[in-house]
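Worksheet: the structure to be examined is printed underneath.
The values are calculated or read from the model by the stated rules, or taken from the named source; none is laboratory data. Keep in mind it's a predicted model, so treat the numbers as computed, not measured. Cβ sites come from the backbone with ideal geometry, for glycine too, and all protein chains shown count toward neighbours. Each accessible area value is taken on the protein alone, full model and side chains, heavy atoms only, with ligands, DNA and RNA left out. Shrake-Rupley method; radii C 1.70, N 1.55, O 1.52, S 1.80 Å.
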Amino acid sequence: MKRRVFSGSRPTGRQHLGNYLGAIQNYVNLQDEYACIYCIVDVHALTSLEDTGSLQKNIYDMMLDWLAAGLDPRKSILFVQSRVPEVMELHTLLSMVTPLSWLLRVPTFKEKVKLQPHNVNYGLVGYPVLMTADIVLYKGEVVPVGEDQLPHLELAREIARRFNNLFGQTFPEPEAKLTSFPLVLGLDGKEKMSKQLGNDIELALSPQETIERVMTAVTDPARRYRDDPGHPEICNIYQLQRYFNPLQSDSIAEQCRSANIGCVDCKTLLAEEINSTLGPFRERRAVLATKPQYVAEVLADGAERARVIARETLREVKQKMGLL
Ligand code: AMP
Ligand code: TRP
């Protein structure tokens, strides 16, 4: 039997290069070798979202990106978290075996407290428990994620282990799977690329918009004038060149160090490569955007298939915990 992959992603709308290079790329590549389940975690989004009116549109936009990137509903189960409500029951049950001290020391919780001090809700503390419920409800063994999710995955392993110790072997301990580019920095060159921080480059931009966006990126801060030698090793744009422009990246580094090319030239090259890499994706996306009914059908079918597995696991958990 194929091993099971599970991953989730918040419905942040149109996806950015960080999502793509850090996660979606792996989602697509794992589809043949594993039994894959990919979930749009709308309930998780409520921990930060103030404007819930955009949620349905964000789910739709994200699905267009996923499908255009190569996620295939004939190979993988694609669904929206809240359509399989068993996960919320499992979340409550797992919360009984999760010490609060484990949750309060999670780095992403501390970051969120800083980012949204006006909205430190109870769900934010339980975020990793809900995430664990997502994974173990489907007995997920391999979890493709970006580097920022590693602390959450560690906690998921601890919760699964604790449950198994208390109630007998039930869940596999899920392992994270990183891509070759597990942390993409944003246009500010400091923080991870993220929609919430406004430092992202969306996959679905037009070629011209991509050029304009790349031009706003912060490069090597020591290179203030065109003639100053650059330091590609500390430049975020250079990291992207290595991915999008692998054949030319050594020569770009050389020319940057000797100030033969300036940051604007370098950014132009990068934007062109991003545009040519994403060209086929953008074409597929434009076609899918004409078929909203298809997207809805994929999600409805995915939820139905996911629910069969979810019910079975939840029954087993309730039995083991003495509820049945
Ligand atoms: P999110 O949109 O935060 O729910 O993230 C969805 C997936 O993309 C998760 O697996 C993240 O780890 C990954 N991801 C998000 N932002 C980045 C980034 N800047 N670099 C690498 N991976 C990322
Ligand atoms: N916490 C993840 C993020 O912010 C999203 C997520 C929710 C997830 N449930 C998951 C990721 C289960 C992997 C597995 O990106």
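Of these, Asp61, Asp72, which one is of a type in the set (Asp, Glu), within 20 Å of the chain's Cα centre (by Cα) and not in a loop (DSSP other than H, G, I, E, B)?
On inspection, the qualifying residue turns out to be Asp61.
Can you tell which of Gly186, Gly123 is over 29 Å from Val87 (Cα atoms), within 23 Å of the chain's Cα centre (by Cα), away from ligand 2 (no atom under 12 Å from the Cβ) and in contact (Cβ under 8 Å) with a residue 60 or more places away in the chain? Quick ask: steps written out before the conclusion?
Working: Gly123 fails: over 29 Å from Val87 (Cα atoms).
Among Gly186, Gly123, only Gly186 is over 29 Å from Val87 (Cα atoms), within 23 Å of the chain's Cα centre (by Cα), away from ligand 2 (no atom under 12 Å from the Cβ) and in contact (Cβ under 8 Å) with a residue 60 or more places away in the chain.
Quick one: which of Leu78, Leu67 is within 15 Å of ligand 2 (Cβ to nearest atom), open to solvent by less than 20 Å² (accessible area, probe 1.4 Å) and either assigned by TED's automatic domain parsing to the domain that holds Val214 or in contact (Cβ under 8 Å) with a residue 12 or more places away in the chain (or both)? Steps first, please.
Numbers: Leu67 fails: within 15 Å of ligand 2 (Cβ to nearest atom).
The match here is Leu78.
Find the residue count for the range 1-19, including only residues that are over 22 Å from Leu197 (Cβ atoms), more than 14 Å from ligand 2 (Cβ to nearest atom) and aliphatic (A, V, I, L, M).
Counting residues in the range 1-19 that are over 22 Å from Leu197 (Cβ atoms), more than 14 Å from ligand 2 (Cβ to nearest atom) and aliphatic (A, V, I, L, M) gives 1.
Of all residues in the range 159-177 being without any contact (Cβ under 8 Å) to a residue 60 or more places away in the chain and not in a loop (DSSP other than H, G, I, E, B), which is most open to solvent (accessible area, probe 1.4 Å)?
Asn165
Being open to solvent by less than 70 Å² (accessible area, probe 1.4 Å) and over 20 Å from Arg285 (Cβ atoms) is the filter here; which residues of the range 198-217 pass it?
Answer for the range 198-217, where residues must be open to solvent by less than 70 Å² (accessible area, probe 1.4 Å) and over 20 Å from Arg285 (Cβ atoms): Gly198, Asn199, Met215, Ala217.
Whether any residue in the range 276-297 is open to solvent by less than 50 Å² (accessible area, probe 1.4 Å), among the basic types (Lys, Arg) and either part of a helix (DSSP H, G or I) or closer than 30 Å to Phe163 by Cα (or both) is what I want to check.
Yes, the range 276-297 contains a residue that is open to solvent by less than 50 Å² (accessible area, probe 1.4 Å), among the basic types (Lys, Arg) and either part of a helix (DSSP H, G or I) or closer than 30 Å to Phe163 by Cα (or both).
Hey, among the residues in the range 27-44 that are open to solvent by less than 40 Å² (accessible area, probe 1.4 Å) and either part of a loop (DSSP other than H, G, I, E, B) or at pLDDT below 95 (or both), which one's nearest to ligand 1 (Cβ to nearest atom)? Explain how you work it out, then say what you get.
Step one: list which residues in the range 27-44 are open to solvent by less than 40 Å² (accessible area, probe 1.4 Å), which gives 27-28, 30-31, 34-44.
Filter again for either part of a loop (DSSP other than H, G, I, E, B) or at pLDDT below 95 (or both), leaving 30-31, 34, 41.
Details: Leu30: 13, Gln31: 16, Tyr34: 16, Val41: 7 Å.
Per the stated criteria, the residue is Val41.
Given the criterion among the basic types (Lys, Arg), within 16 Å of ligand 1 (Cβ to nearest atom) and either over 25 Å from Pro11 (Cβ atoms) or at pLDDT below 95 (or both), identify the matching residue among Lys177, Lys190.
Result: Lys190 is the single residue among Lys177, Lys190 that is among the basic types (Lys, Arg), within 16 Å of ligand 1 (Cβ to nearest atom) and either over 25 Å from Pro11 (Cβ atoms) or at pLDDT below 95 (or both).
Looking at Pro232, Pro221, Pro280, Pro292, which one is touching a Lys or Arg at 6+ places or on another chain (Cβ under 9 Å) and of a type outside the set (Gly, Ala, Ser)?
None of the others qualify; the one that does is Pro232.
Only one of these is of a type outside the set (Asp, Glu), in the same structural domain as Tyr60 (by TED's automatic domain parsing) and within 28 Å of Pro182 (Cβ to Cβ): Ala306, Ala253, Ala296, Ala310. Name it.
Ala306 is the lone residue from the list that is of a type outside the set (Asp, Glu), in the same structural domain as Tyr60 (by TED's automatic domain parsing) and within 28 Å of Pro182 (Cβ to Cβ).
Return yes or no: is Ser48 away from ligand 2 (no atom under 12 Å from the Cβ), surrounded by fewer than 20 Cβ atoms within 10 Å (Cβ to Cβ) and either among the hydroxyl-bearing types (Ser, Thr, Tyr) or in a loop (DSSP other than H, G, I, E, B) (or both)?
So Ser48 fails the test.
With respect to Gly22, determine if the residue is within 12 Å of ligand 2 (Cβ to nearest atom) and either of a type in the set (Gly, Ala, Ser) or outside the structural domain of Pro174 (by TED's automatic domain parsing) (or both). Spell out how you get there, then give the answer.
Values: within 12 Å of ligand 2 (Cβ to nearest atom): yes; either of a type in the set (Gly, Ala, Ser) or outside the structural domain of Pro174 (by TED's automatic domain parsing) (or both): yes.
Taking the combined requirement at face value, the residue satisfies it.
Give me the pairs, please: first residue somewhere in the range 10-22 and touching a residue at least 40 places away in the same chain (Cβ under 8 Å) and part of a helix (DSSP H, G or I), second residue anywhere and surrounded by fewer than 21 Cβ atoms within 10 Å (Cβ to Cβ) and aromatic (Phe, Trp, Tyr), beta-carbon distance under 8 Å, and either six or more positions apart or on two chains.
Leu21/Phe181; Leu21/Tyr243; Gly22/Phe181
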